[in-house]
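Below you'll find the structure, written out as structure tokens, and then a few comments.
The values are calculated or read from the model by the stated rules, or taken from the named source; none is laboratory data. No experiment lies behind these values; they were computed from the predicted model shown. Here the Cβ positions follow ideal geometry from the backbone for every residue, glycine too, while neighbour counts run over all protein chains shown.
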Amino acid sequence: MSGKKTYKKEARFRKLVDKYRRGKASEQEIRFLDMYYREFESRPDILNELQAQEVNEIGNRIKNKIAAGVSATEQKQSRVIGIGSNWMKAAIIIGFLLTGILGYFFIRQSDSADPVAENYTNQDMPDMPPGGNKAILTLADGSQIVLDSADNGLLAKQGSSAVVKLGNGELAYNPDIDRNSTRNAYNTISTPRGGMFRVVLSDGTKVWLNAASSLTFPASFTGAVREVTMTGEGYFEVAPDAAKPFIVKKGETEIRVLGTHFNIKAYDDEEKIQVTLLEGAVEVSDEQASLRINPGEQAAVHKGTIALRKTVNLDEVMAWKNGKFYFEKASIKDVMRQISRWYDLDVEYKGSVSEYFGGTISKNVDASRVFEMLEFTGDVHFKIEEKKVTVMP
């Protein structure tokens with residue numbers, strides 16, 4: 001079976017390279033080849049049979065076409081001489097090795113029939129802008145502040161803290177404006193679909209919230225512990241304080257730390273709560289179990305059990321915070337959950353789609369670019385109508 005899969009992948013790639021050599025490749029397909037070239041240019045170890053001059057010539061030919069903005073007419077008139085078997089061999093080898101190139105295209109990991117998008121028909125897909133720095137702050141009295149449109153400076157006084165929006169767009173709780181205040185105030189910061197936000201709590205802990213997430217916390221930490229609750233996804237850089245453990249709660253799940261960096265993914269529409277540790281140590285507990293994890297490990301809480309993953313791709317876990325989608329053997333439904341949250345889209349499925357994807361793509365592009373790349377590399381089609389996207393074979 002593996003031999004058949006390898007043959008099919010090689011045949012697909014030869015087909016695309018042949019289209020390019022005959023001047024019939026679309027601009028999308030030329031960009032695809034350009035990205036492949038740039039990858040093997042940075043990895044000469046896997047292509048040591050190619051001479052440096054050959055590599056440069058191949059790359060310059062493709063790059064010049066991209067830079068010139070090759071039109072369909074120019075493509076028909078142009079012929080690329082001399083790429084030959086060396087380029088084909090280079091492209092095929094790279095096709096086996098890569099999982100994602102230059103931050104915005106995908107290599108399909110399923111084995112369906114046609115990867116080259118011969119009948120690409122979605123050029124007029126409407127644009128949906130990417131998400132941005134958006135959130136709503138709910139104060140202790142129930143009043144709300146739309147943070148993305150609020151002016152910088154003092155927004156409110158809550159308990160013994162001043163709530164300030166800073167110039168970099170983050171929210172900060174500055175303590176001790178009223179040392180005599182005994183009243184504590186609980187606030188909630190919520191990001192919509194298509195939003196992210198960063199808040200600095202009164203103890204100096206920094207929290208990044210992903211789209212469709214919320215964090216409830218005291219305006220100042222006055223007790224023996226520092227406790228917050230959240231839903232969705234957040235990355236925490238907890239300020240060290242050995243006398244006051246920091247606790248994050250989601251339902252019956254509790255993450256207890258003293259000072260560390262970790263990510264928690266706890267969306268209501270996903271089966272598991274995932275806690276990934278980057279630095280320090282945390283203890284994850286549920287009603288029936290508890291587990292201490294070390295840096296680079298992940299605890300997955302599901303129905304009262306806690307499973308440990310000792311090897312985790314931290315780039316994948318932290319991609320959302322770093323402005324990227326990162327998929328590693330992700331099903332189309334996993335992919336669409338992330339895309340729908342970031343672009344504020346409802347998703348509907350028609351027919352059976354069983355594609356799996358790997359690679360990365362910037363979150364700063366319009367949705368149409370994301371869907372174009374998915375269509376280009378997989379047997380899947382998207383139809384957007386207002387705020388709904390339909391996924392079909």
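Does segment 253-268 include one or more residues that are out of contact with any Asp or Glu (no Cβ under 6 Å at 6 or more places or on another chain), charged (D, E, K, R) and over 26 Å from G132 (Cα atoms)? Within segment 253-268 (the criterion being out of contact with any Asp or Glu (no Cβ under 6 Å at 6 or more places or on another chain), charged (D, E, K, R) and over 26 Å from G132 (Cα atoms)), the answer is yes, since at least one residue qualifies. Could you check segment 182-217 and list, in sequence order, the residues that are small (G, A, S), closer than 23 Å to G167 by Cβ and not in a loop (DSSP other than H, G, I, E, B)? Result: S190, G195. Yes or no: segment 261-282 includes at least one residue that is surrounded by fewer than 17 Cβ atoms within 10 Å (Cβ to Cβ), in a strand (DSSP E or B) and either out of contact with any Cys (no Cβ under 8 Å at 6 or more places or on another chain) or of a type outside the set (A, V, I, L, M) (or both). Yes, because at least one residue in segment 261-282 is surrounded by fewer than 17 Cβ atoms within 10 Å (Cβ to Cβ), in a strand (DSSP E or B) and either out of contact with any Cys (no Cβ under 8 Å at 6 or more places or on another chain) or of a type outside the set (A, V, I, L, M) (or both). When V248 is tested against the conditions (1) surrounded by fewer than 21 Cβ atoms within 10 Å (Cβ to Cβ); (2) closer than 20 Å to A299 by Cβ; (3) at pLDDT 95 or above, the lone failure is (1). Mind listing whichever residues of segment 288-312 are surrounded by fewer than 14 Cβ atoms within 10 Å (Cβ to Cβ) and assigned to a loop (DSSP other than H, G, I, E, B)? If the condition is that a residue be surrounded by fewer than 14 Cβ atoms within 10 Å (Cβ to Cβ) and assigned to a loop (DSSP other than H, G, I, E, B), then Q288, A289, N294, K303, G304, K310, T311 are the ones that fit.
Screening segment 226-236 for residues that are under 13 Å from S202 (Cα atoms) and not aliphatic (A, V, I, L, M) and picking the one that is surrounded by the fewest Cβ atoms within 10 Å (Cβ to Cβ) gives E227. Among the residues here, M318 qualifies as modelled with pLDDT of 95 or more and out of contact with any Gly (no Cβ under 6 Å at 6 or more places or on another chain). Cβ-Cβ below 6 Å, separation at least six or inter-chain, first residue in segment 365-385 and free of Cβ contacts under 8 Å to residues at least 24 places away in the same chain, second in a loop (DSSP other than H, G, I, E, B): which pairs? Qualifying pairs under 6 Å: none.
Here S213 fulfils each of the conditions (1) touching a strand residue (DSSP E or B) at 6+ places or on another chain (Cβ under 7 Å); (2) within 16 Å of V257 (Cα to Cα) apart from (2). Among the residues in segment 350-359, are any within 23 Å of E271 (Cα to Cα), outside any loop (DSSP other than H, G, I, E, B), under 21 Å from the mean Cα position of the chain (by Cα) and at pLDDT 90 or above? For segment 350-359, residues within 23 Å of E271 (Cα to Cα), outside any loop (DSSP other than H, G, I, E, B), under 21 Å from the mean Cα position of the chain (by Cα) and at pLDDT 90 or above: absent.
Would a scan of segment 278-285 turn up a residue that is in the same structural domain as A156 (by TED's automatic domain parsing), β-branched (V, I, T) and farther than 20 Å from A300 by Cβ? So far as segment 278-285 goes, no, none of its residues is in the same structural domain as A156 (by TED's automatic domain parsing), β-branched (V, I, T) and farther than 20 Å from A300 by Cβ. When S202 is tested against (1) within 29 Å of the chain's Cα centre (by Cα); (2) farther than 30 Å from E316 by Cβ; (3) surrounded by fewer than 23 Cβ atoms within 10 Å (Cβ to Cβ), exactly one condition is not met: (3). Within this structure, K329 fails the test of being assigned to a loop (DSSP other than H, G, I, E, B) and either at positive phi or surrounded by fewer than 17 Cβ atoms within 10 Å (Cβ to Cβ) (or both). Just to verify a result, which residue in segment 354-393, among those that are buried (at least 20 other Cβ atoms within 10 Å of the Cβ) and of a type in the set (G, A, S), is farthest from I332 (Cα to Cα)? Step by step, filter segment 354-393, then rank; the result is A367.
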